[in-house]
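The structure appears below as structure tokens.
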Amino acid sequence: MTVSSVSLSKDILANASQVLKPQGSQNKTDFGDHLKTALTQVSALQAQSSAVTQAYEAGDEVDVTKVMLAREKSSLAFEATMQVRNKLLSAYKDIVSMPV
């Protein structure tokens, strides 16, 4: 299984478009819910990466490419989470420093 940047981009856009669609009045969620869901997904990717790595190290028949893909997905998700955190902190600092 090969992962191309085009298919990965399409997958990301498909997931993002589902989250960013305007919602009806009966189906509202707030930013905190979306953030919690994203953090749960990042945690799941890290757990999956850890499990695949441990299976490989234990000598189970796990393909090296699966290990590397799982680790890379986990790393990218964590980096994206850190970038969102940095942007949120920057916005918070800007708001706090505004004169009232």
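Values in this text are rule-based calculations from the coordinates and carry no lab data. Quantities reported herein were computed from a predicted structural model and do not represent experimental measurements. Cβ placement follows ideal geometry from the backbone for every residue including glycine, while neighbour counts extend to all protein chains displayed.
Could you order peptides 94-100, 84-90, 63-69 by the average number of other Cβ atoms within 10 Å of their residues, highest first? Don't jump to the answer; show the numbers that get you there.
Values: 94-100: 6.1, 84-90: 10.9, 63-69: 13.0.
In decreasing order of mean packing, 94-100, 84-90, 63-69 become 63-69, 84-90, 94-100.
Would you please classify the overall shape of the stretch 31-100 from the alpha carbon gyration tensor, given that a ≥ b ≥ c denote the square roots of the eigenvalues, rounded means a/c under 1.5, and beyond that prolate means a/b larger than b/c while oblate covers the rest?
Numbers: a/c = 5.03, a/b = 3.29, b/c = 1.53.
Prolate.
Taking the Cα centre of the stretch 31-100 as origin, work out the dipole magnitude from +1 charges on Lys and Arg Cβ and -1 charges on Asp and Glu Cβ, in debye rounded to 20.
The calculation lands at about 400 debye.
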